[in-house]
Amino acid sequence: VKEEMSSSVAKFGRRAIKSAAAPFAQLFQRLESDAGQVTILGYHRVVADIAQAERDSIFGLLTSTETFRRHLELVREQYEVLSLEEAVRVLRGERRAARPVAAITFDDGYRDNYEQAFPVLQRLGLPATIFVPTSYIGTARLLDHDRIYWLAQAARVCRLELAVPLRKAGLAPEKIAALNSKLHPLALAEGLVYLPFDLRERVLGCLEEAVGECAGSYPAGLALLEWEMVAEMAEAGISFGSHSDQHAVLTLEAEPEVERDLVNSKRLLEARLGRPVRHFAYPNGCYSGAIKRLMARAGFEVAVTTERRINRRGDDLLALGRICLCEESTRGLTGRYSRAVARLRLAI
Ligand SMILES: [Zn+2]
């Protein structure tokens, strides 16, 4: 009886301990799962003069140098900031992290990444990855979304009719009618960016011909990186991934074109860096199952999207989510940077 009693006391005791420990177990589980979380931040341009840049170009791509520094200081407080490569090891379960992890990325390879963002990253001792559209780097070529936005803005200021050049470029009448109804240059730029690459280039050629004189030269801030800048940053620990070769919307291109683009971009970047390149950012965030298969075949292991999501262990490495930040996304009610808004943005 005694034995039975002591065993049932022991059982009861174990149960009591178990139930009392349950909330702690949950807490530990939560901490454990937080520790497996990876937040990938996405930036585009970092600019010294935000007011000027906002007049000239797509505002959703801009962060001022000052706000960028504040973002990174906040991120450094709240996360263990790792290179994308190390952050991916956390997602693969190959590395443990005591705190939630963040990785910093940039798309498009703007020259200001070197001039403005790089010094801040160095000062704070933080790693980052820049995804570059390889065929543009080291050339005077600008990205289509910037060209379209600038031309659309000029057309509006000069009251130029865009239907004629768009028709000349071979754009379907329904598409032209739909675009003509969009008054804001941003809406027009969005409508024209999502075209197959060859057609988009033709449209741009015809728009430049029609609007060029009124538009004048493109703003200097739209320039992309030189290869020497890439080399210097790579030397200092910044890593580079591919953002495709031509910056086409991959889901609108034929598969052989996509495959050629991926292979060219990877080869070119590897030759320039002298090391393997396995990371990719989908232009405009567009991908599909078929694109992912081509990606894997080309030798890419990690690809980031623009889907607003925190990544967890076991997630699909060819479709990782990102939190894209810009000046606008962390402005408070006063119109200035707000730490509270920034914290909310990071929390999703
Ligand atoms: Zn891009």
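The values are calculated or read from the model by the stated rules, or taken from the named source; none is laboratory data. These numbers were taken from a predicted model, which means no experiment stands behind them. Note: ideal-geometry Cβ built from the backbone for every residue, glycine included; neighbour counts use all protein chains shown. Accessible surface is based on the protein model in full, side chains and every heavy atom, while ligands, DNA and RNA are left aside. Shrake-Rupley method; radii C 1.70, N 1.55, O 1.52, S 1.80 Å.
For the chain, with all protein chains in place and a probe radius of 1.4 Å, 53% of the accessible heavy-atom surface sits on carbon or sulfur. Counting charges near Leu74 (Lys, Arg +1; Asp, Glu -1) among other residues having Cβ under 12 Å from its Cβ returns a value of +4. With respect to the chain, whose longest principal axis is taken over its alpha-carbon atoms, helix 2-35 is tilted by about 20°.
Between Glu235 and Asp315, the simple label model (points 7 Å from Cα in the Cβ direction) yields a spacing of 3.5 nm. Counting only alpha carbon atoms, the long axis of helix 255-273 and the longest principal axis of the chain meet at about 80°. Its relative contact order, with pairs defined as Cα atoms under 8 Å and 6+ residues apart, puts the chain at 20 percent. Taking amide hydrogens as placed 1.01 Å from N in the peptide plane, the amide H of Ser64 sits under 5 Å from those of Val47, Glu327, each at least 5 positions away in sequence or on another chain. For the range 109-201, averaging the sequence separation of C-alpha pairs within contact (under 8 Å, six or more residues apart) and dividing by the residue count gives a relative contact order of 27 percent. Across all Cα atoms of the range 111-156, the radius of gyration (one decimal) and Dmax (whole number) stand at 14.6, 44 Å. To test your reading of the geometry: what angle, between 0 and 90 degrees and rounded to tens, separates the Cα axis of helix 65-78 from the longest principal axis of the chain? Orientation of helix 65-78: about 20 degrees from the principal axis. For Gly241, the residues whose modelled amide H falls within less than 5 Å of its own, excluding neighbours fewer than 5 places apart on the same chain, are Ile130, Phe131, Val132. Within the chain, all pairs of alpha-carbon atoms sorted by distance into 20 Å bins from zero give the percentages 27, 52, 14, 5, 1, 0. Only helices enter this figure: runs of n ≥ 4 DSSP H residues, each worth -39500 (n - 2.57), summed and divided by the residues of the chain, yield -15500 deg cm²/dmol at 222 nm to the nearest 500. Coupling constants for the range 227-244 follow from the phi torsions by the Karplus curve (6.51 cos²θ - 1.76 cosθ + 1.60, θ = phi - 60°), and in residue order they are 5, 5, 5, 4, 4, 5, 5, 4, 4, 8, x, 6, 9, 10, x, 8, 10, 6 Hz; glycine and proline get x.
Which value, to two decimals, describes the C-alpha radius of gyration of the range 97-174 once divided by 2.2 N^0.38 Å?
The value comes to 1.67.
Secondary structure note: in the chain, about 10% of the DSSP beta bridges are antiparallel.
How large is the accessible surface per residue of the chain, computed with a 1.4 Å probe and reported in Å² as a whole number?
49 Å²
The tail of the calculated P(r) for the range 93-241, taken as Cα-Cα distances beyond 26 Å, holds 41 percent of the pairs. Partner aspartates and glutamates whose Cα lies under 18 Å from the Cα of Lys292, excluding those fewer than 8 positions away in the same chain, are identified as Asp245, Glu253, Glu255, Glu257, Glu259, Asp261, Glu301, Glu307, Asp315, Asp316. Each Cα pair under 8 Å and six or more residues apart adds its sequence gap; the mean of these over the residue count of the range 39-120 is a relative contact order of 43 percent.
With bins 5 Å wide beginning at 0, the percent of Cα pairs of the range 250-310 falling in each bin runs 4, 18, 29, 26, 14, 8, 1. Computed across the range 230-340, the Kirkwood radius stands at 15.5 Å (inverse of mean 1/r, all Cα pairs).
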